[in-house]
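A short worksheet on the structure shown next.
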Amino acid sequence: MVKYLEAEYLKYKRTSIKKIFFALPFLVMLIAYAMRYFMPEGYMKITDFIMITAFNWWTVLFIPVGTSVLTALAIIMEKKAGNYKIFLSKNLSLKKIWISKIIVICIFMFYSIIILASLVVLFETLLDGQIKLKEIISSVLVIWVGSINLVPVYLFLSIYGGLILNVMMGLIGFFIGAVMAVKSYWIFIPWSLSLRMLSPILKVHPNGIPLKANDFLLDTSVIKVGLFFSIMYFLVFTFITSLWFKKEVMK
């Protein structure tokens, strides 16, 4: 399995996909910093606003839309290279190839959120000198674990329906993620998991507005529930799509 992961990782070396994964955190951070100028006076500390805005925008926009675009580009790259048919002649495991692709994209997603978190720490250090390390680490955890379950789904849609279908699904996730995150059935909406878990950590509504004391969204018990369901979805979606991928390539 290690060799499959290494081979998959090397595919993205010097590609635009890898560059986008590493560039997006800087773009999101610039947006968060620029939006501070539109913040009402006395609304909250500047560093808190930047941290909340950066993580919230990352979760609301990048996860549903950005990931859908990047997974679609990954599949387009594979199709240009031979559409996986070459692997049949080399007696390679199609399941391992598929799982490796999922894991490597998840790794790049982790790199991205780590870069974003590092930028948040940098800005907090320069502007305030106080670093909310607990909130930052917790945010990184719930954002990443809460979003990896989307990767096998997006990869499947990229092969089955192409770029347009995948981006459309990403846009749907963008519109329903924050709305469904406050509903009682949020655990059944993959796009809502990270947003709901993020609320008690950053003390903000999924739409980015600070929560009032005793708001039900401040309940920290949702974090364990969300992590469990996200990991479960990831394993189930990965297993199901790996079986489908094997049949698809062998047609």
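Values in this text are rule-based calculations from the coordinates and carry no lab data. These figures come from a predicted structure and were not determined experimentally. Glycine also receives a Cβ, built like all others from the backbone with ideal geometry; neighbour counts cover every protein chain displayed.
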Among all the lysines, which ones have a C-alpha under 18 Å from LYS246's C-alpha, if same-chain residues fewer than 8 places away are not counted? LYS79, LYS85, LYS90, LYS95, LYS96, LYS101
Where a Cα-Cα gap under 24 Å defines reach, which lysines qualify for LYS203, not counting those fewer than 8 residues away within the same chain? LYS45, LYS132, LYS134, LYS183, LYS212, LYS224
Output ordering of 195-201, 178-184, 210-216 (per-residue mean of other Cβ within 10 Å, highest first) is 195-201, 178-184, 210-216
Sorted on mean Cβ neighbours within 10 Å (highest first), peptides 224-230, 3-9 come out as 224-230, 3-9
Place the peptides 119-128, 46-55 in order of packing, highest mean first, counting for every residue the other Cβ atoms within 10 Å and averaging per peptide. 46-55, 119-128
Can you spot the aspartates and glutamates whose alpha carbon is less than 18 Å from LYS18's alpha carbon? Ignore those fewer than 8 places along the same chain. GLU6, GLU8, GLU78
Just add up the charged neighbours of HIS205: K/R +1, D/E -1, any other residue whose Cβ is under 12 Å from the Cβ of HIS205. +2
Under unit Cβ charges (Lys, Arg +1; Asp, Glu -1), what dipole magnitude, rounded to 20 debye, does the stretch 2-249 have relative to its Cα centre? 1040
Gained length - LEU218 relative to ILE114, 0.36 nm times residue gap less alpha-carbon distance: 35.0 nm
Label-point separation (nm) for ALA7 and ILE209, each offset 7 Å from Cα along Cα-to-Cβ? 5.2
Using 1/(1 + (r/R0)^6) with R0 = 30 angstrom and r between the beta carbons of LEU27 and TYR160, what's the FRET efficiency to the nearest 0.05? 0.55
